[in-house]
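As structure tokens, the structure follows; a few thoughts come after it.
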Amino acid sequence: MKRPLAALAFALTLFPTAEALAQAMPIEVYKTNGCGCCLAWMEHLEENDFAPTGQDMFAGLLVRFKLENGVPQRMISCHTGLVDGYVIEGHVPATEIRRLLEERPDAIGLAVPGMPLGSPGMDQSRRADAYDVFLINRDGSTEIFASYQGI
């Protein structure tokens, strides 16, 4: 009786699971060289089935890049991601990026302005601030896309 079960177990290893077939979503991350929280955010993305690649830029050029890609000055954070036609500014949780990609609103993208403690990449402390994830509309206006409670 053990032989058929062993054969079945072996056969199952030959076929990839649905998870294995899913490929990680590429995302380009523009940041300054050596920014630890940017690297930590990229690790958060990797842990959530994204494939980030980092592009280092000088700070002044990075700010210009953000503005040229539609990020309002009041929404600026330390890094900017580009994924499937959207801009992701700052420490946006991977869950919200997935939601954005599923819902596909006619928008520029998402932003978490500043660097709130407890957000992905800024979660090295026991403290977590409440923060909002904003949807950046094409006209430059913003609206709350998701809210996170602090502790």
| field | At least 15 Å along the helix axis (C-alpha) and Kyte average at least 0.5, DSSP helices within the chain | value | 2-14
| request: Just need log10 I(q)/I(0) for the stretch 16-148 at q = 0.09, 0.20 Å⁻¹, Debye formula, equal scatterers on the alpha-carbon atoms, no solvent, rounded to two decimals. | output: -0.24, -1.19
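What length, rounded to one decimal in nm, is gained on full extension from T95 through to A40, with 0.36 nm per residue of separation minus their alpha-carbon distance?
Stretched fully, the T95-A40 segment lengthens by 18.2 nm.
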| What is the fewest-to-most order of V83, V112 by other Cβ atoms lying within 10 Å of their Cβ? | V83, V112
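All of the numbers you see were taken from the coordinates with simple rules; none came from a lab. This is a predicted model, so every value here is computed, not measured. Glycine also receives a Cβ, built like all others from the backbone with ideal geometry; neighbour counts cover every protein chain displayed.
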